[in-house]
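> Before I ask anything, here is the structure I am working with.
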Amino acid sequence: MAIQWFKNAVIYCIDVDTFKDGNGDGIGDFVGLRQSLSYLAGLGVTCIWLLPFYPSPDRDNGYDITDYLSVHPALGDLGDFAEFMDEAANCGIRVIIDLVVNHTSNEHPWFKAAQRRHPKYYSYYVWRKEKPPDTKDQVVFPGRQSGVWQYSRTAKAYYFHRFYEYQPDLNTANPAVRAEIKKIMGFWLASGVSGFRVDAAPFVIAQKGPEVEKQPHESFDYINEFREFLSWRRGDALFLAEANVAPDQMLQYFGKRGDRMNMVFNFFVNPHLFLAIANESPEPLLRSLLQIPTIPNDSQWGYFLRNHDELDLSRLTELERARCFEVFGPDKTMQLYARGIRRRLAPMFSGNVQRQMLAFSLIFTIPGTPIIWYGDEIGMGDDLSQAERNSVRTPMQWSAETNAGFSTAPAKKLRRRVIDFGPFDYRNVNVQAERRDPASLLNRIERMIRTRKEYPEFACGKYRLLESSRPDAIFAHACEDEAGNAVLAIHNLSHKPVKTSVHLWTDKLTQAVFLFGGNDDAAIVARELQIGLDGYGYNWIRPFKSNGVSAKKTCRIKNRV
Ligand code: NOJ
Ligand code: CA
């Protein structure tokens, strides 16, 4: 039976307004995005995740929506969206979109009516009459929010907002609100999208309002309800949850029978992976992988390195977090909300391409689906002069032409300034320059994507952690499909070259071919795979059963990718 498409997908996340400007007004749009599809198809991505592109005052990068059933006029109109969808389909690329239904903008017509105590819309939101207690400890953006209740003079009541005060929470306990959510889903499914990234999933289903302080609980049955709707409308549609929850909460988001979210971003392994890279030791990564639950067969983890938000380190201990800050974001201006790092991957690794490849190789091989933040495939930098998380949302760097080839508008009209300073200046770091260099990050990522897609064992296989003679530096694991086909991935987290011996689980596998990685050779001797890896090196290997030919001879073939 074919595996679910999202398991062997490579997802690429795009903010339309900073990707490619098609009409020269300084703002990226659907026309520009459509023209960029051949680049994405060439890179090998199979699914695009679009950040919110709906009408919005844009105070939270589009996560403050005023109309769920339309396109922000600066980005185009529904016709441009349809044209983009058509071309994406021609390129064999699926599209998923952000479903932001925990809250609306305070400028949404529903909220405006609610403030006037409209009989229907008042109950779309969450209110309290009495003065709220101190709720500083319940906010999502410490230092930027003073609490989760805001007084509305028009309504003469306080409304609940988990995020910024201009993002009133929708009352998802109200069946009429859930009906609206399903209508939004139905609309976009009908326009061809393959599913949704569900923004702030734990808050969507959380009990909201004054009672919440007493005995908060989540209504997981809302997810079942939405998923049932989704699957009836489009059988292969994906529900991907943004749920930054502790390991013991994770399984509930998938549902025991896999009947809730198909996929959940793994916000627990993610910071541990960075800690492992910071310490040059696999221990934190191993520890986190052992702590997460086994998920149902049809479900999948989503793995990412960086995204459009800060690198959230809140699931580490204070000491571990301090260690990540020290290595990846030592300056206070690089840190945010006392829990995260607002930098892109490349600057966090001081531009070290091999180390970036190591990190990508980890999320491409641990069982789950890799998700790439646009621009990380060319090693783009960040702009710390931008507010909060906007530091990592600068325009895509296409070429050394004016405005990085992003737009022909005058620089002052750009949606956000291009990076025209320092080591990540667009004149050094851009698609066009990297395309011409076979050893560039871009070309290496392209080959990584190709290889990953050719070996679905990584996507759906059972996996086992493998012991090695250098547990201080080596992270080794094997993924195996039902027919017993296996692939190994061996990573050296240390900056020093390492020779190691990896213990295999069977003596049937006596030979190996290199699929992707460094140029070191290896041999299998008595169940031990002996291998040498460069500093930050990695190798993907297919072990197989001997057919009588001398193992050594075949193993010594060097197959550099
Ligand atoms: C999570 C999104 O990733 C983030 O960018 C946004 O600010 C909040 N949800 C509020 O929608
Ligand atoms: Ca434009």
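Readers should treat all values here as calculations from the given coordinates under stated rules, not as data from a laboratory. None of these values were measured; they are calculated from a predicted model. Cβ: placed from backbone, ideal geometry, glycine included. Neighbour counts: every protein chain shown.
> For region 335-399 and region 170-200, what is the centre-to-centre distance using only Cα atoms, to the nearest Å?
30
> Answer rounded, prolate or oblate for region 444-538, using the Cα gyration tensor with square roots of eigenvalues a ≥ b ≥ c: rounded when a/c is under 1.5, else prolate when a/b is larger than b/c, else oblate.
oblate
> Antiparallel as a % of all DSSP beta bridges within the chain, to the nearest 5?
Working: 47 of 74 bridges.
Just about 65 percent of them are antiparallel.
> Looking at region 146-253 only, what percent of DSSP beta bridges run antiparallel? Nearest 5 please.
55
> Let me ask something else. About its Cα centre, how strong a charge dipole does the chain have in debye, to the nearest 20, once Lys and Arg get +1 and Asp and Glu get -1 at the Cβ?
Roughly 420 debye for the chain.
> Could you compute the net charge surrounding residue 317? Neighbours are other residues with a C-beta less than 13 Å from the C-beta of residue 317; K and R count +1, D and E count -1.
+3
> So which aspartates and glutamates pass the test for residue 499, namely a Cα distance under 20 Å, with those fewer than 8 places away in the same chain ruled out?
280, 283, 467, 472, 520, 521, 528, 534
> Can you tally the net charge around residue 545? Count Lys and Arg as +1, Asp and Glu as -1, for every other residue whose Cβ sits under 12 Å from the Cβ of residue 545.
My count for the surroundings of residue 545 gives +1.
> If you don't mind, another one. Only Lys, Arg, Asp and Glu count, each charged at its Cβ (+1, +1, -1, -1), so figure out the dipole size of region 51-119 about its Cα centre, rounded to 20 debye.
Details: 5 positive and 11 negative charges, 105 e Å.
Dipole magnitude for region 51-119 comes out near 500 debye.
> For each pair in 136/156; 112/156; 136/208; 129/208; 7/453, compute the distance between the two Cα atoms and list the pairs where it is over 19 Å.
136/156
> Also: I'd like the trypsin sites (Lys or Arg not before Pro) in region 1-65 restricted to DSSP loop residues with at most 15 other Cβ atoms within 10 Å, sorted by number.
Those satisfying the criteria are 59.
> Sticking with this structure for a sec: Please identify every one of the trypsin sites (Lys or Arg not before Pro) in region 307-400 that sits in a loop by DSSP and has no more than 10 other beta carbons within 10 Å of its own beta carbon. Each step should come with its number before you reach the end.
Numbers: sites: 315, 321, 323, 332, 339, 342, 343, 344, 355, 389, 393; in loops: 315, 339, 342, 343, 344, 393.
Sites meeting the loop and neighbour criteria: none at all.
> Sort region 1-102 into rounded, prolate or oblate with this rule: let a ≥ b ≥ c be the square roots of the eigenvalues of the Cα gyration tensor; rounded if a/c is under 1.5, and if a/c is not under 1.5, prolate when a/b is larger than b/c, oblate otherwise.
Working: a/c = 2.07, a/b = 1.38, b/c = 1.50.
Here region 1-102 falls in the oblate category.
> 222 nm [θ] for the chain, helices only, -39500 (n - 2.57) per DSSP H run of 4+, per residue, to 500?
About -7500 deg cm²/dmol.
> Only loop residues by DSSP count here, and only those with at most 16 other Cβ atoms within 10 Å; note down the GluC sites (Glu not before Pro) in region 51-108 that meet that.
Passing sites in region 51-108 are 107.
> Expressed as a whole number of Å, what is the distance separating the alpha-carbon centroids of region 500-547 and region 216-236?
For region 216-236 versus region 500-547, the Cα centre distance is 43 Å.
> I've got another one for you. Mind checking the alpha-carbon convex hull of region 184-302 and giving the volume per residue in Å³? It would help to have the intermediate numbers written out before the result.
Working: hull volume 15.2 nm³, N = 119.
Enclosed volume per residue, from the Cα hull, is 127 Å³.
> Ok, one more. Which one, 509, 487, 522, projects farthest toward the positive side of the charge dipole computed for region 464-523 from Cβ point charges (K/R +1, D/E -1)?
Of the options given, the answer is 522.
> Just going by the charge dipole of region 329-458, with Lys and Arg at +1 and Asp and Glu at -1 on Cβ, which of 395, 440, 365 is farthest out on the positive end?
The residue sitting most towards the positive pole is 395.
> Give the range of the longest stretch in the chain that excludes all chymotrypsin sites (Phe, Trp or Tyr not before Pro) found in loop regions by DSSP and having at most 14 other beta-carbon atoms within 10 Å.
1-219
> Placing unit charges on C-beta atoms (Lys and Arg positive, Asp and Glu negative, everything else neutral), compute the dipole magnitude of region 1-86 about its Cα centre in debye, rounded to 20. Intermediate results must be reported in sequence, preceding the final value.
On the way: 4 positive and 13 negative charges, 103 e Å.
I would put it at about 500 debye.
> Going through the cross-link list 120/182; 332/496; 462/496, which pairs have a Cα-Cα distance over 23 Å in this structure?
Pairs exceeding 23 Å: 332/496; 462/496.
> Between 119, 133, 109, whose Cα lies farthest towards the positive end of the dipole of region 99-167 when Lys and Arg beta carbons carry +1 and Asp and Glu beta carbons carry -1, centred on the Cα centre?
Of the options given, the answer is 119.
> Further question: Run the Debye formula on the Cα coordinates of the chain, all scatterers equal and no solvent, and tell me log10 I(q)/I(0) at q = 0.05, 0.10 1/Å.
Taking Cα atoms of the chain as identical point scatterers yields -0.21, -0.85.
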